[in-house]
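Notes for the one structure printed next.
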């Protein structure tokens, strides 16, 4: 089974694809970030993200999609575009019959580091160790997506 974890973002959306082969550790198929052209308007950027994820879903054929739950902090200006990106991802999951689950940010941190208040550096160190990566994943969005996908591995 293939699990996709996504850290939705407006400028960069992190993604990770893990394969659960029944072992204690998943196989990392791919991870990285999807970016959009900052000179384009928001609708075009949503379209670009959607097209990139359509291609990734076609390539890796995930059965499960794990999204980090939206944290509505003080910055509503950032939260609203991220909510729209999440809507596009939810649509793509439904269209492709991919089971969707969401995980709160503190649960992601706790599952990979043992501490719900972990910082980015701790998350990067933890996923590097847990997934036996040869080097720490960069940028942070990709590391977050690996952590989110790992939560899916633990669940499924």
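The values are calculated or read from the model by the stated rules, or taken from the named source; none is laboratory data. Since the model is a prediction, treat every value here as computed from it, not as a measurement. In this analysis, Cβ positions are derived from the backbone assuming ideal geometry, glycine residues included, and neighbour counts consider all displayed protein chains.
Summary of values
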quantity	calculated
Hits in segment 41-72 - residues which are farther than 23 Å from residue 156 by Cβ, out of contact with any helix residue (DSSP H, G or I) (no Cβ under 7 Å at 6 or more places or on another chain) and surrounded by 16 or more Cβ atoms within 10 Å (Cβ to Cβ)	45, 52
Index of the failed condition, residue 54 passing every other in (1) at pLDDT 95 or above; (2) within 15 Å of the chain's Cα centre (by Cα); (3) within 15 Å of residue 14 (Cβ to Cβ)	(3)
Search result, residues across segment 21-39 that are within 15 Å of residue 132 (Cβ to Cβ) and buried (at least 17 other Cβ atoms within 10 Å of the Cβ)	26, 28, 31
Residue in segment 73-80 that is in contact (Cβ under 8 Å) with a residue 24 or more places away in the chain and either over 21 Å from residue 12 (Cα atoms) or in contact with a helix residue (DSSP H, G or I) (Cβ under 7 Å, 6 or more places away or on another chain) (or both) present	no
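Table: residues versus (1) over 20 Å from residue 3 (Cα atoms); (2) more than 16 Å from the chain's Cα centre (by Cα); (3) in a helix (DSSP H, G or I).
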residue	(1), (2), (3)
92	no, no, yes
116	yes, yes, no
124	no, no, yes
128	no, no, yes
133	no, yes, no
142	no, no, yes
148	no, no, yes
153	no, no, yes
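To keep it simple, each residue is scored yes or no on (1) more than 25 Å from residue 123 (Cα to Cα); (2) outside any loop (DSSP other than H, G, I, E, B); (3) in contact with a strand residue (DSSP E or B) (Cβ under 6 Å, 6 or more places away or on another chain); (4) at pLDDT below 95.
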| residue | (1), (2), (3), (4) |
| --- | --- |
| 3 | no, yes, yes, no |
| 9 | no, no, no, yes |
| 13 | no, yes, yes, no |
| 16 | no, yes, yes, no |
| 22 | no, no, no, yes |
| 29 | no, yes, yes, no |
| 33 | no, yes, yes, no |
| 40 | yes, no, no, no |
| 45 | yes, yes, no, no |
